[in-house]
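A.B. asks: First the structure, which I've put down as structure tokens, then a few questions once you've had a look.
The values are calculated or read from the model by the stated rules, or taken from the named source; none is laboratory data. Just so it is clear, the model here is predicted, and its values are computed rather than measured. Positions of Cβ are backbone-derived with ideal geometry, glycine not excepted, and every protein chain shown enters the neighbour counts.
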Amino acid sequence: MSAHQLSKERQRARNQVIAAESRVHTMEERIRQIEMVLSHPSAGVNVVALSQEHGGVQTALSEALIAWEQAGAYAEALEQSSG
């Protein structure tokens, strides 16, 4: 890989880390919101639907954390490849 290609790949990898981190934060925030509503449900709140969403968001968060870790490891490997 040429120096130019390596530089472009590093930038792409850094962007992937940023995007993955953003997804993690979004999922964490949604979990907090759901938990807040579930801890003090008001009339008309569909607790079952929120509980199901909570489980789905937790699964998505786990996947987002894995993607973030993988993106970070790849970006780090590219940074180290320059010596």
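A.B. asks: Which is aliphatic (A, V, I, L, M) and under 30 Å from residue 7 (Cβ atoms), of 49, 60, 71, 43?
C.D. replies: After applying the criteria, what remains is 71.
A.B. asks: Let me ask something else. Going by what's in this entry, would residue 5 be described as in a helix (DSSP H, G or I) and exposed (fewer than 10 other Cβ atoms within 10 Å of the Cβ)?
C.D. replies: yes
A.B. asks: For residue 39, indicate whether it is among the small types (Gly, Ala, Ser) and over 30 Å from residue 75 (Cα atoms).
C.D. replies: Yes.
A.B. asks: Which one is modelled with the lowest pLDDT among residues in segment 20-46 that are surrounded by 11 or more Cβ atoms within 10 Å (Cβ to Cβ) and among the hydrophobic types (A, V, I, L, M, F, W, C)?
C.D. replies: 45
A.B. asks: Also: Please go through segment 40-83 and give me each residue that is not β-branched (Val, Ile, Thr) and not in a helix (DSSP H, G or I), ordered by number.
C.D. replies: 40, 41, 42, 43, 44, 46, 81, 82, 83
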